[in-house]
Amino acid sequence: MSYTSYTPPPRRRRRPMSEINVVPYIDVMLVLLIIFMITAPLLNLGVEIELPESAAEPLDTESNESVVLVTVTSNGDLYLNLDGKADLIDSESLISKMAAFVRRNPDLEVLVGGDQHANYGQVYAVMVYLQQAGVRKVGLMSDPDAQDDN
C-alpha cells in the first residue's frame, strides 16, 4: 500500500481593504442635521423689540454679573429675562420675583428695555414695579445711535 500525503492548495491571501464605508457616517450626519434644524428656531432667547436709538455710552455689564433684563413689548407684554431665557410675566409676579432677587442680592441691577412703539406709561409702570420690589439700580436700554457710526 502506498500512502500519498495530501497537501492543500495554497491559500490566497486577501489584500486589506483600503476603502472606508461612509454610508453610516452620512446617515448620522443627516440625523444630526435634522435635529439641529428643529432645535435652532427654539433657541430664541430674547424678545424681539425695536429699542430707541441713543447717543449714550454703553455700560460695562461684564463687571457686574447680577444684571436682570425686563422687556416691554409694543403691545404692553412684560418679559423677565433670567439665565438667557425670557418668560412672559404679569406685574404682580414681577414684583414678587424681583423682591426675592433683591433680598438675595441688594446690589442687583435691572435694565428695562422698552420697544420704541411701546406706551411711555407702560415703561414707567415697570420702573414703579421695580421700585416697589426694592430695586435700587434701574437703567434703560437703547440701541447705539446710527449717526455715530460715521
- prompt: Amide H to amide H under 5 Å from M141: which residues, 5+ apart in sequence or cross-chain, H placed 1.01 Å off N in plane?
  reply: V112, G113, G114
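I'd like to compare 127-140, 69-82: which one has the highest average count of other Cβ atoms within 10 Å, and what's the full order after that?
On the way: 127-140: 15.6, 69-82: 18.1.
The peptides rank, most packed first, as 69-82, 127-140.
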message: Can you compute the modelled spin-label distance between R136 and A99, with each label point 7 Å from Cα toward Cβ, in nm?
response: 1.9 nm
- prompt: Full extension from F36 to V23: what is 0.36 nm times the residue separation minus their Cα-Cα distance, to one decimal in nm?
  reply: 2.7 nm
- prompt: Gain in length, N119 to D143, computed as 0.36 nm per residue apart minus the alpha-carbon separation, to one decimal in nm?
  reply: 6.9 nm
message: Sorting check: for 8-21, 108-121, which peptide has the highest mean count of neighbouring beta carbons within 10 Å, and how do the rest follow?
response: 108-121, 8-21
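A short reminder: the numbers here are calculations on the coordinates, not readings from a lab. Being a predicted model, the structure only gives us computed values, none of them experimental. Every residue, glycine as well, gets a Cβ built from its backbone with ideal geometry; the counts of neighbours run over all protein chains shown.
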